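Here is the structure we will look at.
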Amino acid sequence: MPGSDGRNLPNDLPQPVSGNEPEPWSVEDFAPIVAFLRQKIGITLESHRMGLLQARLRARLQQRGFTSFTRFVDRVLRVDPTGPGMQLLVDLSTVNHTSFFREPAHFTFLVEQLGQAIREAAGTPVRIWSAGCSSGQEPYSLGMVLHDTIPNLTPQKVEIWASDLSLEVVKNAARAIYNTRDVAGVPPDMLRRYFMRGTGPKDGTFRVVPEVRDLVKFRHLDLRAPQWPLPGDFHAVLCRNVSIYFADEERVVLLDRLASTLRTGGWLIMGNGEIIPTIPASLKKVLPSIFRKEA
Ligand SMILES: C[S@@+](CC[C@H](N)C(=O)[O-])C[C@H]1O[C@@H](n2cnc3c(N)ncnc32)[C@H](O)[C@@H]1O
C-alpha cells in the first residue's frame, strides 16, 4: 500500500546541513511533527501516546536512512503535506486497538432492535455504519451476529458500512484475514462457522467467510472531513472508542453530524465509558452508551 509503511518515502535524499538544527530525535526535533499533527491533521495526542509515536516514527525513519525528524519534515512533509509522509503519521499515531465482539451487549441490542426491519427489508436495505472500524472486527462481529439470527441474510437486506481514518487498517480490514491472537476471544462455534482456516503456508490465519464479508463495505474516511461520502439514513451508527481522539468541542460537532446521518428512531452507539460533553438535542440517551434519534 503506497506510503502506509513508509515504503514510498524517499531514503536517498541529500541531508541538508544547518548549524541551527535541534539535537536529532530530541523533543525539540519532534516539535514540528506535533505541530503538523495538530494543525494539518487535527490530531492532538496525550503525552504518553506522543512518546509512543515518537519512538515508532523514529524507528521507521531510521530504517529509511533519515537522521532526524527535522529532515523528514523538510524533505517530505513540507514538499508534499498530503502525501505518503502524512499517511505514515496518521497510521502511526492512531491507536487501532479493537477485538471481535468487543462490548458484546451492543451487538445483542442491535439484533433485537433491527432484526425485524432487516427481515422485512424489501427494496432498500437496512443500513448500519461502523465509524472508526479499525481493522474490521467491529463490522464483521455485527455481520456474524446478524447472520446468525436472520435466515438468508444478504446485502439486499442489510448493508454494513465501515470506515476509518487509517488507510492501512482499512485495507487490512477489507482483506478480512486475522491471526490466532485476533480470534482468541471468538466463541468456538462462531470461529468454526464464520472463519476459514488457512492451511500450509497460511496455517495460523483465519479469514472471515464470504457470506459475512459481502455484507460489509469499507471506506477510507476522516470523520473530521467536511463531507462524508456515505448514503446516510442509517438505522444505526457505531462510533465506539473513536471520540477519544477529538477535543471536547470537536466531539460536540462529531456527535451532531453523526446524529444527522441517522434516520428518526435510529441508534447511535458510543463506547462504554466514553465521555460525551453535550448530547445533541435530536438524541435521547436510552442506556449509558446508547442514544436514539428523536423526530
Ligand atoms: C480504538 S479504535 C476503535 C475501533 C472500534 N470502533 C472498537 O471500538 O473496537 C479507534 C479507531 O478510530 C480511528 N480514528 C481516529 N480518528 C479518526 C478520524 N478522525 N476519522 C476516522 N477514524 C478515526 C482510528 O484510526 C482507530 O482505528
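Only one entry in 186, 209, 242 is within 30 Å of residue 285 (Cβ to Cβ) and among the aliphatic types (A, V, I, L, M), namely 242.
For the stretch 118-141: of the residues being at positive phi and within 16 Å of the ligand (Cβ to nearest atom), which is surrounded by the most Cβ atoms within 10 Å (Cβ to Cβ)?
In this case the residue turns out to be 136.
In a residue-by-residue description of the stretch 193-202, the property of being surrounded by 15 or more Cβ atoms within 10 Å (Cβ to Cβ) and within 16 Å of the ligand (Cβ to nearest atom) applies to no position.
Taken over the stretch 157-181, the criterion of being at pLDDT below 95, surrounded by fewer than 22 Cβ atoms within 10 Å (Cβ to Cβ) and not hydrophobic (A, V, I, L, M, F, W, C) is satisfied by 168, 181.
With respect to residue 33, determine if the residue is among the hydrophobic types (A, V, I, L, M, F, W, C), surrounded by 13 or more Cβ atoms within 10 Å (Cβ to Cβ) and at pLDDT below 80. So residue 33 does not fit the description; no. Of all the criteria given as (1) within 16 Å of the ligand (Cβ to nearest atom); (2) surrounded by fewer than 18 Cβ atoms within 10 Å (Cβ to Cβ); (3) of a type in the set (Val, Ile, Thr), the one not satisfied by residue 27 is (1).
Taken together, the residues in the stretch 263-273 that are more than 15 Å from residue 131 (Cα to Cα) and assigned to a loop (DSSP other than H, G, I, E, B) amount to 2.
For the stretch 271-284, the set of residues classified as at pLDDT below 95 and under 15 Å from residue 236 (Cβ atoms) consists of 271 only.
If the condition is being surrounded by 12 or more Cβ atoms within 10 Å (Cβ to Cβ) and outside any strand (DSSP E or B), then the stretch 215-231 contributes 215, 221, 222, 223, 224, 228, 230, 231. Among the residues of this structure, residue 211 counts as one that is acidic (Asp, Glu), more than 15 Å from the ligand (Cβ to nearest atom) and outside any strand (DSSP E or B).
Determine whether the stretch 232-252 contains at least one residue that is within 12 Å of the ligand (Cβ to nearest atom), farther than 22 Å from residue 103 by Cβ and part of a helix (DSSP H, G or I). Yes, the stretch 232-252 has at least one match.
The values are calculated or read from the model by the stated rules, or taken from the named source; none is laboratory data. Fair warning: this is a prediction, and the values are worked out from it, not measured in the lab. In this analysis, Cβ positions are derived from the backbone assuming ideal geometry, glycine residues included, and neighbour counts consider all displayed protein chains.
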